[in-house]
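Presented below is the structure to which this report refers.
The values are calculated or read from the model by the stated rules, or taken from the named source; none is laboratory data. The structure presented is a predicted model; accordingly, all values stated were derived computationally and were not measured. Backbone-built Cβ (ideal geometry, glycine too); neighbour counts: all protein chains shown. The protein model used for the area step is the full one, side chains on, heavy atoms only, and it has no ligands, DNA or RNA in it. Shrake-Rupley method; radii C 1.70, N 1.55, O 1.52, S 1.80 Å.
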Amino acid sequence: MTTRGITRRQLLLATGGAALLSQVPIGLALGHSRDGAKAPAFIEDLIAKMTLQEKAGQLTLFGAAMQNGAAAAANPVTSTGAVSAQIAAAKAGQLTGVFNSSNVLYHERLQKAAMQGRLKIPMIFAADVIHGFTTVFPVPLGESASFEPELARRTARAAGMEASSVGIDWTFAPMVDIARDARWGRGVEGSGEDVLLGKRMADARVRGFQGERGLADPEAVVACPKHFCAYGAAEGGLDYNTTDVSERVLRQTYFPPFQSGFDAGAMTTMASFNEISGIPATGNKWLLDDVLRGEWDFRGVVVSDYTGDEELIAHGYARDGRDATRLAILAGVDMSMQSGLYLKYLPELVESGEVPMEVVDRSVRRVLQLKAQLGLFDDPFRRIKPQAPSRQRLPDTLALAREAARKSVVLLKNEGDVLPLRASGQRIALIGPLAQDWDSTKGPWTLFGGDDSASDLATGLKQAMADASQLSVTAGCGYEKALDGGVDDAVQAAKAADVVVMAIGESRDDSGEARSRTSITVPQVQLDLLAAVAATGKPVVVVLSNGRALALADLLPNAKAVLVSWYLGSSSGLGLADVLFGAHGPSGRLPVSFPREAGQVPYYYDHKITGRPDPHPEKLTAFKTRYMTSPNAALFPFGFGLTYGQIEYGALDLGDARLAADGTLTVRATVHNRGSRDAEEVVQLYLHDRAASITRPKQELKDFKKVAIAAGASVQVEFSLRRSDLLFVGQDLKPTVEPGTFDLWVAPSAEVDGLHATFELLA
Ligand code: BGC
C-alpha cells in the first residue's frame with residue numbers, strides 16, 4: 001500500500017522518524033505495537049534511553065493546573081503551587097501532557113519546560129472540546145437531529161480549528177455511546193439511540209476534528225471516540241452504574257459507532273467508567289486487547305477516563321492502587337488520566353516482574369507515535385500560537401453555529417399552522433425561564449465557550465421582527481421554582497399579545513455527566529405556568545430546551561405548536577428565530593424516541609417484537625406486550641419531525657423485489673409536498689427480517705436521505721440495498737445474513753407505516 005508515494009514498509013523502516021511519521025495520512029497511521037514490532041528508530045532510541053520513571057511519566061496525564069472559567073470548575077485543581085509543580089513535572093519527564101486548559105501561555109510554558117528536559121519529549125495537550133470551542137455549536141444530540149453528518153463534520157472541523165490555535169492537540173470527543181435511557185444525563189453528548197445514525201455521526205465528527213490533511217496539520221486535533229464501552233447502558237439510566245450487556249448486544253449495538261470512528265482514523269479512545277457484566281472496562285483485557293486491538297487492529301492510544309483506573313478499587317475489582325495499576329495496564333489502558341497511579345506504581349510493578357517491561361514499552365511506543373503523528377516532535381509549538389488570538393474565534397463560525405442551530409430544531413406539533421410567526425403585525429409575548437437565559441442554551445460541556453450572550457431567544461426574536469416593540473419578555477418562573485407574581489405577569493403579557501412563545505424545559509444543569517434524572521418531564525412549576533398562560537386562550541408556541549427525550553403528554557394539550565430546541569449554542573436565538581419566523585423551515589428529526597411516560601424507559605424504536613405483540617395499542621388487550629396504563633409505543637418516535645410543508649409519501653417501487661446474494665436492490669420512493677411552503681424531508685428506510693436464527697428488531701434504520709421539496713413539488717428518492725446491509729450478529733457472534741423475507745418501509749419516522757413492501761433475499 002502506498003500513501004503519497006511512501007510505502008508502509010518505508011515508513012516502518014524510516015530512521016528519520018519524526019518528520020516522515022507526521023506525514024502519514026489519518027487512517028494509515030503507524031502503530032504496529034500489538035505485535036511488538038519496532039517503531040521508527042528515533043522512537044526506539046528514546047525508549048531505550050528512558051528510565052522506568054520517565055516511561056511511567058509518558059503514560060501519565062493530569063488536569064491542567066492552570067485553567068480558565070468553566071474548565072476550572074470541571075477539574076478543580078488550580079493553585080499556584082500546583083502550577084509550579086506541574087511545570088517541574090513536565091521538565092522532569094513525569095508528565096505526558098495535561099488536559100482542559102485553554103490557556104495558550106500555560107501550554108507554552110509547559111512545552112518549554114518539557115523541551116528543557118533530559119529527553120525533550122513534547123507534551124500533548126488534551127481537552128473536552130465536545131460541541132465547539134470558543135464558538136459553541138448545538139449539543140451533539142441536538143446536532144444529530146439534523147440527520148446531516150456533513151454538518152457535524154463541519155462543526156467539528158471548526159471546533160478543531162479554534163481549539164488547536166491555543167495548543168490543543170487532542171479532543172476527548174466524539175462521544176459515541178448509544179443512549180437508550182432518557183434518564184441518563186449524558187445522552188446529550190452523543191447521537192441518540194440509533195446505531196446507523198450513531199455510526200454516521202461518529203465518522204463525520206472524527207473526520208471533522210482530525211481534518212483532511214493528516215494529524216500533523218497544525219489545525220488538526222486527534223479524536224477520541226468515547227467511552228469504550230457500553231457506558232450508555234447504565235442500569236436505571238444512572239450515571240456510572242453497572243451494565244450487563246451480552247456480547248451480541250455489544251457487537252450489534254454498542255460497538256459499531258466506535259468501529260466507525262476508528263475506520264475514520266481516530267487514533268485514541270477512552271475506557272469507560274462502567275463495568276460490563278462483572279468486569280470494569282478499564283480492566284477489561286477482552287475489550288481493550290482482544291477486540292479493540294486484536295480484531296479491529298486499532299493502533300492508537302487507550303486513555304483511562306478521569307481516575308478510571310483508581311476506581312477499579314471501588315468497583316471491587318482491584319485490591320488497592322498498585323493492583324489497579326497492574327490490572328489497567330495489563331488490560332491495555334496505555335495512559336492513566338488524573339489518578340497518578342501509573343507514575344506511582346508502574347516502576348515497582350516492572351521491577352517486581354508483575355508487569356513485563358514490554359507491556360510498558362508498548363504503551364510508551366503508542367504514546368510517542370501519537371505525538372509524532374501529531375507533528376509534535378517536528379515542532380512542539382506547532383499548535384501553540386499566543387500571537388494569533390484572532391484564530392480562537394474564526395470569522396465564519398457564528399454563521400455556521402446559526403445554520404447548525406436552525407437545522408437541529410425539531411417541530412413536533414403545529415396545530416392550525418400557528419407557525420411560522422409573522423415578523424410584523426403580530427404582538428408576541430415571550431414567556432419562560434429560557435426567554436433570556438443565554439447561558440443555559442450553551443448546554444453542558446462548554447468549558448471554553450466565548451460570551452455570546454447577545455444570542456438569547458429574546459434578542460433573536462427582536463432582530464427578526466419588523467418592530468421590536470411588539471415583543472414583551474417575561475420570565476414567569478424559574479426552572480424549578482415559582483417567582484413572586486410570575487404567573488400573573490405572564491398571564492397579563494399573554495393577554496396583551498396575539499401569540500405566545502413559551503421558552504421552557506430543562507436548564508443546562510439537568511443533563512451532562514452525573515446529571516441523571518428519575519423524571520423526564522418539564523418541571524411542574526413550568527407546566528403550571530404554561531397552563532395558566534394557555535388558559536388565556538392565546539395560541540401558545542412552546543420552545544423546549546432539553547438534553548434528553550422528554551415525556552410531553554402533560555404539556556401537549558396546552559401548546560398549539562412545539563419545537564424541540566435542545567441547547568443550540570452561540571447562535572441559539574438567531575437560529576431559533578430563523579425557524580420560528582419561517583426564514584428556514586424546521587428540518588430536524590428526533591434522534592431519540594420521546595416516550596409517553598418515564599416508566600417506559602429504556603425505550604428505543606428498534607426493540608424486539610416478543611412472542612405476544614400488542615395487536616391494538618389503542619385499547620387494552622390482556623396478556624399482550626404492553627402496560628396496563630399505556631400502550632408501549634413512543635409518543636413521538638425516533639425520526640419524527642414536521643415541516644412547514646405538507647409531506648405525503650406516494651409510490652414505492654422495488655423492481656422485482658428480489659435481492660440476489662451479490663446484487664443490489666434499488667428502492668425508489670416518491671415523496672410529495674402538497675403544501676404551500678418549501679420543506680426539507682428526511683426520508684428514512686427501515687427493514688425487518690421476518691425470520692432469522694437470532695430474533696431481529698421490529699425495525700432497523702438502514703438508510704436516510706434529507707431532500708428539499710419545493711411547495712407543490714415531488715421528488716423521487718432512491719436507495720440501494722445490498723446483502724451487507726442485512727448483516728446481523730449470528731449465533732456464533734459473527735456477522736451473518738440469512739435468505740428470506742424482509743419487510744421494508746420508506747417512512748417519515750420509525751413506528752409509522754409510510755410506504756411498506758416486502759422483498760426476498762435470495763440464497
Ligand atoms: C468524563 C470524560 C471526560 C473526562 C475529562 C470525565 O469525567 O467522563 O468524558 O473526557 O472527565 O474531563
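Looking at the stretch 203-225, can you tell me whether even one residue there is within 21 Å of Ala182 (Cα to Cα) and part of a helix (DSSP H, G or I)?
Within the stretch 203-225, none of the residues are within 21 Å of Ala182 (Cα to Cα) and part of a helix (DSSP H, G or I).
Got at least one residue in the stretch 237-248 being in contact with a Lys or Arg (Cβ under 8 Å, 6 or more places away or on another chain) and open to solvent by 30 Å² or more (accessible area, probe 1.4 Å)?
So far as the stretch 237-248 goes, yes, one or more of its residues are in contact with a Lys or Arg (Cβ under 8 Å, 6 or more places away or on another chain) and open to solvent by 30 Å² or more (accessible area, probe 1.4 Å).
Test Pro539 against the stated conditions and say whether it is open to solvent by less than 50 Å² (accessible area, probe 1.4 Å) and closer than 18 Å to Arg422 by Cα.
Yes.
Mind checking which helices (runs of 4 or more DSSP H) fall wholly inside the stretch 447-549 and carry at least 1 residues that are farther than 30 Å from Ser144 by Cα?
Per the criteria, 486-495, 524-534.
Which one is least open to solvent (accessible area, probe 1.4 Å) among residues in the stretch 553-584 that are assigned to a helix (DSSP H, G or I), in contact (Cβ under 8 Å) with a residue 24 or more places away in the chain and over 20 Å from Leu398 (Cα atoms)? First the steps, then the outcome.
Applying the first criterion (assigned to a helix (DSSP H, G or I)) to the stretch 553-584 yields 556-558, 572-580.
Filter again for in contact (Cβ under 8 Å) with a residue 24 or more places away in the chain, leaving 556, 558, 572-580.
Going one step further and asking which of them are over 20 Å from Leu398 (Cα atoms), we end up with 556, 558.
Values: Leu556: 28, Asn558: 48 Å².
Among residues in the stretch 553-584 that are assigned to a helix (DSSP H, G or I), in contact (Cβ under 8 Å) with a residue 24 or more places away in the chain and over 20 Å from Leu398 (Cα atoms), the one least open to solvent (accessible area, probe 1.4 Å) is Leu556.
Condition test on Glu150, is it in contact with a helix residue (DSSP H, G or I) (Cβ under 9 Å, 6 or more places away or on another chain), of a type in the set (Asp, Glu), part of a helix (DSSP H, G or I) and at pLDDT 95 or above? Break it down into steps so the answer makes sense when it comes.
Working: in contact with a helix residue (DSSP H, G or I) (Cβ under 9 Å, 6 or more places away or on another chain): yes; of a type in the set (Asp, Glu): yes; part of a helix (DSSP H, G or I): yes; at pLDDT 95 or above: yes.
Yes; evaluated as a whole, the condition is true for this residue.
Which of the residues belonging to the stretch 394-436 are open to solvent by 40 Å² or more (accessible area, probe 1.4 Å) and either in a helix (DSSP H, G or I) or out of contact with any helix residue (DSSP H, G or I) (no Cβ under 7 Å at 6 or more places or on another chain) (or both)?
Listed by number, the residues that qualify are Pro395, Asp396, Leu398, Ala399, Arg402, Arg406, Glu415, Gly416, Asp417, Arg422, Ser424, Gly425.
Need a quick list: helices (runs of 4 or more DSSP H) entirely within the stretch 308-368 having at least 2 residues that are within 16 Å of the ligand (Cβ to nearest atom) and open to solvent by 10 Å² or more (accessible area, probe 1.4 Å). Spell out how you get there, then give the answer.
Details: elements: 311-315, 321-331, 341-351.
In the stretch 308-368, the matching helices (runs of 4 or more DSSP H) lie at 311-315.
Given the conditions (1) open to solvent by less than 20 Å² (accessible area, probe 1.4 Å); (2) touching a strand residue (DSSP E or B) at 6+ places or on another chain (Cβ under 9 Å), which single one is not true for Val206?
Among (1) open to solvent by less than 20 Å² (accessible area, probe 1.4 Å); (2) touching a strand residue (DSSP E or B) at 6+ places or on another chain (Cβ under 9 Å), the lone unmet condition for Val206 is (2).
Does the stretch 109-118 contain at least one residue that is open to solvent by 30 Å² or more (accessible area, probe 1.4 Å), modelled with pLDDT of 95 or more, part of a helix (DSSP H, G or I) and under 20 Å from Glu219 (Cβ atoms)?
no
Which ones in the stretch 90-108 are among the hydrophobic types (A, V, I, L, M, F, W, C) and either more than 20 Å from Lys49 (Cα to Cα) or buried (at least 24 other Cβ atoms within 10 Å of the Cβ) (or both)?
The answer is Ala90, Leu95, Val98, Phe99, Val104, Leu105.
Say whether the condition of being touching a Gly at 6+ places or on another chain (Cβ under 7 Å) and either assigned to a strand (DSSP E or B) or more than 30 Å from Trp296 (Cβ to Cβ) (or both) is met by at least one residue in the stretch 724-741.
Within the stretch 724-741, the first condition is being touching a Gly at 6+ places or on another chain (Cβ under 7 Å), and the residues that meet it are 736.
In the following step, the residues that additionally are either assigned to a strand (DSSP E or B) or more than 30 Å from Trp296 (Cβ to Cβ) (or both) were identified as 736.
The answer is yes, given that some residue of the stretch 724-741 is touching a Gly at 6+ places or on another chain (Cβ under 7 Å) and either assigned to a strand (DSSP E or B) or more than 30 Å from Trp296 (Cβ to Cβ) (or both).
Hey, Glu513 hits all of (1) within 16 Å of the ligand (Cβ to nearest atom); (2) within 18 Å of Asp554 (Cα to Cα) but one; which does it fall short on?
(2)
Counting only residues that are open to solvent by less than 10 Å² (accessible area, probe 1.4 Å), away from the ligand (no atom under 16 Å from the Cβ) and under 30 Å from Met123 (Cα atoms), how many does the stretch 161-196 have?
Qualifying residue count for the region: 5.
Has the stretch 183-192 got any residue that is among the hydrophobic types (A, V, I, L, M, F, W, C) and either touching a strand residue (DSSP E or B) at 6+ places or on another chain (Cβ under 8 Å) or on the phi > 0 side of the Ramachandran plot (or both)?
No; the residues of the stretch 183-192 include none that is among the hydrophobic types (A, V, I, L, M, F, W, C) and either touching a strand residue (DSSP E or B) at 6+ places or on another chain (Cβ under 8 Å) or on the phi > 0 side of the Ramachandran plot (or both).
Let's see how each residue does on (1) in the same structural domain as Ser164 (by TED's automatic domain parsing); (2) more than 24 Å from the chain's Cα centre (by Cα); (3) not hydrophobic (A, V, I, L, M, F, W, C):
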| site | (1), (2), (3) |
| --- | --- |
| Gly316 | yes, yes, yes |
| Thr325 | yes, yes, yes |
| Ile329 | yes, yes, no |
| Met335 | yes, no, no |
| Gln369 | yes, yes, yes |
| Pro386 | no, yes, yes |
| Pro395 | no, yes, yes |
| Val410 | no, no, no |
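For the subset of the stretch 665-689 comprising residues that are farther than 29 Å from Asn414 by Cβ and in contact (Cβ under 8 Å) with a residue 60 or more places away in the chain, which member is farthest from the chain's Cα centre (by Cα)?
Leu665
Checking the conditions here, which among Asp743, Asp703, Asp753 is of a type in the set (Asp, Glu), open to solvent by less than 60 Å² (accessible area, probe 1.4 Å) and within 30 Å of His584 (Cα to Cα)?
Only one candidate passes the filter, namely Asp703.
Mind telling me which of the residues Ser587, Ser593, Ser630 ends up being hydroxyl-bearing (Ser, Thr, Tyr), open to solvent by less than 20 Å² (accessible area, probe 1.4 Å) and over 23 Å from the mean Cα position of the chain (by Cα)?
So the residue among Ser587, Ser593, Ser630 that is hydroxyl-bearing (Ser, Thr, Tyr), open to solvent by less than 20 Å² (accessible area, probe 1.4 Å) and over 23 Å from the mean Cα position of the chain (by Cα) is Ser630.
Go through the stretch 128-160 and count every residue that is of a type in the set (Val, Ile, Thr), open to solvent by less than 10 Å² (accessible area, probe 1.4 Å) and within 16 Å of the ligand (Cβ to nearest atom).
Of the residues in that region, 2 qualify.
Name, by its number, the condition in (1) out of contact with any Lys or Arg (no Cβ under 6 Å at 6 or more places or on another chain); (2) open to solvent by 10 Å² or more (accessible area, probe 1.4 Å); (3) farther than 27 Å from Lys608 by Cα that does not hold for Ile709.
(2)
Considering only the stretch 261-278, how many residues are part of a helix (DSSP H, G or I) and either open to solvent by 20 Å² or more (accessible area, probe 1.4 Å) or touching a Phe, Trp or Tyr at 6+ places or on another chain (Cβ under 8 Å) (or both)?
Looking only at that region, the number is 2.
Please count how many residues of the stretch 277-303 are within 16 Å of the ligand (Cβ to nearest atom) and farther than 15 Å from Cys224 by Cα.
Count: 3.
Going by the structure shown, is Ser453 within 29 Å of Ala156 (Cα to Cα), open to solvent by 40 Å² or more (accessible area, probe 1.4 Å), in the same structural domain as Gly537 (by TED's automatic domain parsing) and of a type in the set (Ser, Thr, Tyr)?
Working: within 29 Å of Ala156 (Cα to Cα): yes; open to solvent by 40 Å² or more (accessible area, probe 1.4 Å): yes; in the same structural domain as Gly537 (by TED's automatic domain parsing): yes; of a type in the set (Ser, Thr, Tyr): yes.
Answer is yes for this residue.
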